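Written out below as structure tokens is the structure these notes cover.
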Amino acid sequence: MREKAMSDEYKYTSPIPKILNFLKDSLMLKIAMIAIIISLLTIPKSLILELIAEREQRSAEVLNQIHQKWGGSQNIYGPILSIPFNSDTGPKLIHLHPEELNIQGQLKPEERKKSIFKTIVYKGEMNYDFSFDLRSLKDLPTSKNLDYEKAILSFGISDLKGLSRSITLEVGKEKINALQGIPISNGLSSGFHFPIQMDSEQVLLSMSTKLQFNGSQEISLSPSGRKTLVQLQSSWPHPGFEGKYLPDTYQINDTGFNAQWEVHDLQRTFVSSWFDQEQSPSSELCSVRLIQFNGSYSQVHRLVKYTLLFLCFTFAAIFICERLGQINIHPLQYILVGFASMMFYLLLLSVSEHLGFNLAYLIASLISTLMISLYSLSLLKSWKNALSITLTTGGLYAYLFGTIQLEDYALLMGSLGLIITLGIVMYFTRDLNSYKAVEVEA
């Protein structure tokens, strides 16, 4: 009997059940485990970012092919009147900008598509009316040597293949056809010219011409006259005014836009006349960009930056339901929920290339929310808790969508959202310390 009592007293008790009980119910250990899972999920996040960059590059390559064949962004310079003369050091040129320049233009947008990618191009039509004041030439020491019969009028254009028709210059009743290239050195790298036979007695030279061309994305016009008036209109409702000069007046509505610039020589830094040496085309332009709201790649890229926020709050909601419901969720199940969240971005990226960002976001968020909600129902064994996860996930998707749409207020939306969400989490976790672990039998 004594030996049996001593045997019972020194009977070995395994610590493994206690360790398992601690591992199962340790609050800090579970939080650390969730943090590790979130850190590991940054790997698929990086892969998704690389995929976005790859698809964006592919889109840019395809659109660039369309623009190269149709016509790229057009920069139009001039007109420049060049008159040769002889000096003691040899033949030279004097170049003049117009005294007055009136440009009335119209852009007709068209959609071009290749594969699944599409872009907006335009057909441009610019009516130029301008005049040169030649009285200042009479006061030059070289005025007697000016060869008016060999004068040249030049226009510069950045993408010559966009020119769609032959160009005619009207000088009074005379019509002059444009010739290829610019045969003199006046600072323009590409363009066309008109040979002008002038009379030395002329003091005012008035001309007009019409330019018809194809282009894409942007149109820029040089206000080369001492007094320049530019009027542009288009049926495209999303213009972006760029360049050095903003329009003095403009109207934008659903049917298009109408803008007007008025630029004087005192506002410019380039001169109105110069001798032989080249003057590079000025970057002081009146520009309009036809903005196309198909930047789904940039929007998806911005959304991926919120991955950490989304995972933290989704896992926090599941963790709270787990603790309050006194159940234990396996780490693998947290990982699967994380993968379901990451699949949202992949689905959004692929669908947005076909249906646009807004509709793709609705489809991807509904599928992701449904997957996480049904899986949470099987884990938490409670419709009430599963509904909480559904509302949390759906609310996060709605909040992120609003933040992306209100780009200028993204910081404000983000700050308010974090404060509100943190308050909700603090409210539901106020009683976690009262939770008592269920004892595991040895």
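Things worth noting here:
- Placing dummy labels 7 Å off each Cα toward the beta-carbon, the span from Leu359 to Val271 is 5.9 nm.
- Sorted ascending by nearby beta carbons within 10 Å, beginning with the fewest, Ser166, Ser365, Ser272 become Ser166, Ser272, Ser365.
- Sites Glu242 and Lys114, calculated FRET efficiency, Cβ-Cβ separation with R0 25 Å, nearest 0.05: 0.45
- Fully extended contour minus Cα-Cα distance, from Asp147 to Glu170, at 0.36 nm per residue: 6.2 nm
- Pairs of Cα atoms farther than 21 Å apart, the stretch 72-292, %: 55
- Put simply, the Cα atoms of the chain extend 141, 46, 37 Å along their principal axes, the longest span coming first.
- CD proxy at 222 nm, helix term only [per DSSP H run n ≥ 4: -39500 (n - 2.57); per residue of the chain; nearest 500]: -13500 deg cm²/dmol
- Distance from the stretch 390-413 to the stretch 150-191 (C-alpha centre basis), Å: 53
- Efficiency of FRET between Leu387 and Lys92 - r from beta-carbon atoms, R0 60 angstrom, step 0.05: 0.10
- Paramagnetic reach from Lys210 (point 7 Å along Cα→Cβ, amide N under 17 Å) across the stretch 69-111: 102-108
- Taking the charge dipole of the chain about its Cα centre, with +1 at Lys and Arg Cβ atoms and -1 at Asp and Glu Cβ atoms, the residue from Phe293, Leu96, Leu349 reaching farthest to the positive side is Leu349.
- Residue pairs, from the table Lys108/Lys227; Lys113/Lys210; Lys150/Lys175; Lys118/Lys210, whose Cα atoms sit over 24 Å apart: Lys108/Lys227; Lys113/Lys210; Lys118/Lys210
- With contacts taken as Cα pairs under 8 Å at a separation of at least 6 residues, the chain carries a relative contact order of 16 percent.
- Of interest is the spacing of the C-alpha centroids, which for the stretch 316-334 and the stretch 69-94 amounts to 76 Å.
- Computed extension gain for Arg289 through Gln106, at 0.36 nm per residue and net of the alpha carbon distance, reaches 64.5 nm.
- Relative to the dominant Cα principal axis of the chain, helix 16-25 is inclined by about 40°.
- Full-stretch length increase - Leu346, Val203 - with 0.36 nm per residue and alpha-carbon distance subtracted: 44.6 nm
Values in this text are rule-based calculations from the coordinates and carry no lab data. Computed from a predicted model, the values in this text were never measured in an experiment. FYI the Cβ positions are ideal-geometry reconstructions off the backbone, even for glycines, and counts take in every protein chain you see.
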